[in-house]
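A short write-up of the structure that comes next.
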Amino acid sequence: MQDWKRALSQAHTHPNRVLEATGRSTLPEPTARALTQSFAVRVPDYYLSLIDPNDPADPIALQCLPQAEELLTFDTDLLDAVGDELRSPVPGIVRKHENRVILLVSNTCTMYCRFCFRRPVAPGHAVEGLRDKLSQAFDYLARETRIQEVILSGGDPLTLDDESLKQLVSQLKQLPHIRLLRVHTRAPVTLPTRVTPSLVEVLREAQPLYVVTHFNHPRELSPLARERLTWLREAGIPLLNQTVLLRGVNDSVETLASLCWELLTLGVTPYYLHHCDRTPGTGPFRVSLARGQALFQALKQRLPGHGLPRYTLDIPGGLGKISLEPPYVRPLAPGLWELTSPSGETVTYPDEDEPDLPFLHTRSRELER
Ligand SMILES: *Cc1c(COP(=O)(O)O)cnc(C)c1O
Ligand code: SF4
């Protein structure tokens, strides 16, 4: 068995085992069960090893450790926060643009990030007949000849093995109108051993292809992650990165600037800084739009033009991503905004003050003593 497959099969999937492994106190069993039912838990040992045991508010821990606050709901939660279900012409495809689509090729991830906006559509929950769904999706891609770029997403496409990926790519390459492929993945962050020489070869042969990674914090750029990014880059694969703005993880200009600089020196271009979507369960991570905008203004001073990510929000109703800058975003009242979609439609967006939640670190054993 390849290293990464073994690591995945050994990853912790019970909330209390993950908490114990990091020296934290466990949750009552009913809470632990409710958590796994709301969103599966999976954390590879590698990602746990990045946690600094001396930091009670560790940004790595916050991203992977299940916390009881995920069960809280807020009035402004949105079940289909980004409108993907509304914009799915056939199962497995999300289309918000004429010439590019998302193809959902996997329903699992190398780790389940606690802030994930896809949690209600449930990576980690079994999806029946993924193969069937994909064949419908391929028929759609074959007849929609205006589609020029296919974005492989999920879940995480790199949970597929190399052979399945190779087959998928070769099916896509048979469609002459598809000019570009993109792979959105968090595997280089949460399980860098997934980037094997044979995977690099599959991706190299699939060019023109972009890989979009998902680093949220500079400490995720471990020596191993750096090595594997370098393998991809040396194979000539262009690398972009998207980051989600997360409270307690990277909501400071120092952290964001340092992340972008580190990425730039590795040949990875910061692409998007996503405002956190209002998916139920992500309440603990939300940064207010007002604070997000102030952070982004400060970030502009700290980065070269080619290293500044775009600060965006995938707006509700399936209307697509917008740049969170005037004139697309306009304050109406404290905590209430008007957003304008690329096609000129407006939506009112409630963005309440950041909830004052007890955070994970208050449960660390050290603090309880
Ligand atoms: C984000 C997204 C894309 C890609 O948009 P880019 O701006 O090209 O990165 C494509 N389709 C959907 C449905 C998306 O949400
Ligand atoms: S890897 Fe992406 S899709 Fe999977 S849980 Fe993390 S954020 Fe969600």
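FYI, it's all coordinate maths here, none of it is from the lab. This is a predicted model, so every value here is computed, not measured. Virtual Cβ from ideal backbone geometry, glycine too; neighbours counted across all protein chains shown.
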query: Structure shown: which of K96/K321; K133/K173; K96/K133; K5/K166; K133/K321 lie over 21 Å apart, alpha-carbon to alpha-carbon?
result: K133/K321
- request: Determine the shape class of segment 1-46: with a ≥ b ≥ c the square roots of the Cα gyration tensor eigenvalues, call it rounded for a/c under 1.5, and otherwise prolate if a/b is greater than b/c, oblate otherwise.
  value: oblate
field: Dipole magnitude of the chain about its Cα centre (Cβ charges: Lys, Arg +1; Asp, Glu -1), debye to nearest 20
entry: 800 debye
- line: One can check that the equivalent ellipsoid of segment 160-276, built from the alpha-carbon gyration tensor with semi-axes equal to the square roots of five times its eigenvalues, has lengths in Å, largest first, of 27, 15, 12
query: Around G320, which amide H atoms from residues at least 5 apart in sequence, or from another chain, sit under 5 Å from its own amide H, with H modelled in the peptide plane?
result: I315
task: State to the nearest 20 debye the size of the charge dipole of segment 142-295 about its Cα centre, where the only charges are +1 on K and R beta carbons and -1 on D and E beta carbons.
output: 360 debye
query: Using unit Cβ charges (K, R positive; D, E negative) and no other charged atoms, how large, in debye to the nearest 20, is the dipole of segment 224-263 about its Cα centre?
result: 120 debye
- prompt: Where Lys and Arg each count +1 and Asp and Glu each count -1, what net charge lies around R310 among other residues with Cβ under 15 Å from its Cβ?
  reply: 0
field: Antiparallel content of DSSP bridges confined to the chain, in %, to 5
entry: 40 percent
message: Can you classify segment 259-319 as rounded, prolate or oblate using the Cα gyration tensor, where a ≥ b ≥ c are the square roots of its eigenvalues, rounded means a/c under 1.5, and otherwise it's prolate if a/b beats b/c and oblate if not?
response: prolate
query: With each run of n ≥ 4 DSSP H residues scored as -39500 (n - 2.57), what mean residue ellipticity at 222 nm is computed for the chain after dividing by its residue count and rounding to the nearest 500 deg cm²/dmol?
result: -8500 deg cm²/dmol
query: Where Lys and Arg each count +1 and Asp and Glu each count -1, what net charge lies around P59 among other residues with Cβ under 13 Å from its Cβ?
result: -3
- line: Per GNM of the chain with C-alpha springs under 10 angstrom, the most fluctuating residue out of E98, E227, E352 is E98
query: Dimensions of segment 1-117 along principal axes (Cα, Å, largest first)?
result: 49, 44, 25
message: With unit charges on the beta carbons (Lys and Arg positive, Asp and Glu negative) and the dipole taken about the Cα centre of the chain, which residue among V82, I322, V211 sits farthest to the positive side?
response: V211
field: Extreme residue, positive dipole direction of the chain, given options P30, L239, L332 (C-beta unit charges)
entry: L239
statement: Under 5 Å from the placed amide H of V43, counting only residues 5+ away or on other chains, we find H12
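Using only the Cα atoms, what convex hull volume per residue in Å³ does segment 204-351 have?
Each residue corresponds to 136 Å³ of Cα convex hull volume.
I'd like to compare 319-330, 294-305, 186-197: which one has the highest average count of other Cβ atoms within 10 Å, and what's the full order after that?
186-197, 319-330, 294-305
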- prompt: What is the packing order of peptides 260-272, 135-147, taking the mean over residues of other C-beta atoms within 10 Å and listing the highest first?
  reply: 260-272, 135-147
query: Applying the Karplus parametrisation 6.51 cos²θ - 1.76 cosθ + 1.60 with θ = phi - 60° to the phi angles of segment 242-249, what ³J(HN,Hα) value in whole Hz is obtained for each residue in order, glycine and proline being reported as x?
result: 10, 10, 9, 6, 10, 4, x, 9
Geometric extent, Cα atoms of the chain - Rg, Dmax (angstrom): 20.0, 64
